[in-house]
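Read-outs throughout are calculated quantities, based only on the coordinates presented, and are distinct from any laboratory measurement. Given the structure is predicted, the values throughout are model-derived calculations rather than measurements. Virtual Cβ from ideal backbone geometry, glycine too; neighbours counted across all protein chains shown.
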Amino acid sequence: ELLYTYRFGSRQLVADSLNMKPDSLYRKLEVLVKHGWVAKRQEARLKLTGTPAAYYLTPKGLRTLVALPDHEYITDSVIKGSYKDKTVTQSFITQTLRVYAQANRLTAAYPNLRVFTRRNMSRYSYFPQPLPDLFLSLKQGEGQPKRFFLDVIPDGLPAKPLYQRITSYAEFFDEGGWEPVDANPPILLLLGETGITERRIQRTTRSALYKAEIDEELSVYTSTFGATESLSGNPAIWTSLDDPDELLALPELE
């Protein structure tokens, strides 16, 4: 289920999700690999640098899930597309593992947080295109949950695709893309790999929103990979574009 949801997962990431010891999980994963339900990617040159193997479901593994009750959303097109997983670029796998790692950190800090990946979101028509890296829903009491679109921004991402991503969000909300959900629009969370990247995200986002000339102001907050590592001890890690001197926790964002 986890490998389907995230598409790729390392031994450590999956173990963290399942609250298992990595060595114990490794033996189980290798059994699945032996029987052809799971495969793994690990380039020799990256193994020498300590980069973990990335596990993923084979078409056989996906068909095994489809045979279980309530898995009809795994369509033939998903299974057909999975043949590409053995040849996708290492950069794609690395980014997928980055997103998985951030999801684990957030759910560890907020047990009431529900996380939806791109594979989850692709089942519904009301999400923006391109899809966010993650859609988050934080339940608080009896009221409406707070919802977030989160994008994980590595240091090497050029300014143009980041600018285009912000512009597409602005157009999506301005054109009523979220209206079918009948809920408050999600807050945008942009997570930079480092502080330098976070500041670049803030500059690019301000520029994109200024030029978009949308009617409704979007709520946008930024943070860094380093900040999410210490979430349990310091939950106030999110910075608003409007007030960069104040740090807020996820439930406080508006």
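Per Stokes-Einstein, at 25 °C and 0.890 mPa s, what whole-number D in µm² s⁻¹ belongs to the chain, with the Kirkwood radius over Cα pairs as the hydrodynamic radius? Working shown, then result.
Numbers: Rh = 19.5 Å.
The calculation lands on 126 µm²/s.
Where both residues lie in the chain, what percent of DSSP beta bridges are antiparallel, nearest 5? All intermediate terms of the calculation are to be shown ahead of the outcome.
Numbers: 18 of 29 bridges.
Antiparallel: roughly 60 percent of the beta bridges in the chain.
Expressed per residue, the C-alpha convex hull volume of the stretch 168-209 stands at 73 Å³.
Excluding residue 102 itself, what net charge comes from residues whose Cβ is under 11 Å from its Cβ, given Lys and Arg +1 and Asp and Glu -1? For residues surrounding residue 102, the net value is -2. The Cβ shell under 11 Å around residue 27 holds other residues with a net charge of +2, Lys and Arg each +1, Asp and Glu each -1.
With θ taken as phi - 60° and the Karplus curve 6.51 cos²θ - 1.76 cosθ + 1.60 applied, the whole-hertz 3J(HN,Hα) list for the stretch 222-234 is 10, 7, 9, 4, x, 5, 6, 5, 10, 4, 4, x, 8 Hz, x standing for glycine and proline. Our helix-only sum for the chain, with -39,500 (n - 2.57) per DSSP H run of n ≥ 4 divided by its residues, gives a mean residue ellipticity at 222 nm of -12000 deg cm²/dmol.
Largest first, the extents of the alpha carbon coordinates of the stretch 97-225 on the three principal axes equal 37, 32, 26 Å. Each residue, residue 66 and residue 24, gets one label point 7 Å from its Cα in the Cβ direction; the gap between the two is 3.3 nm. Note on the stretch 16-50 and the stretch 144-220: Cα centroid distance 34 Å, given to the nearest whole angstrom. Rounded to the nearest whole angstrom, the semi-axes of the ellipsoid equivalent to the stretch 59-153, taken from the Cα gyration tensor as √(5λ), stand at 26, 18, 13, largest first. Rounded to the nearest 10 degrees, the inclination of helix 195-212 to the longest alpha-carbon principal axis of the chain is 60 degrees. Phi-derived couplings, Karplus 6.51 cos²θ - 1.76 cosθ + 1.60 at θ = phi - 60°, listed residue by residue for the stretch 171-187: 5, 4, 6, 5, 8, x, x, 8, 4, x, 7, 6, 8, 4, x, x, 7 Hz, with x used for Gly and Pro.
Excluding same-chain neighbours fewer than eight residues apart, the aspartates and glutamates reachable from residue 84 by a Cα-Cα span under 15 Å are 76. Couplings for the stretch 95-102, taken from phi via the Karplus curve 6.51 cos²θ - 1.76 cosθ + 1.60 with θ = phi - 60°, read 5, 4, 5, 4, 4, 4, 4, 5 Hz in order; Gly and Pro are left as x.
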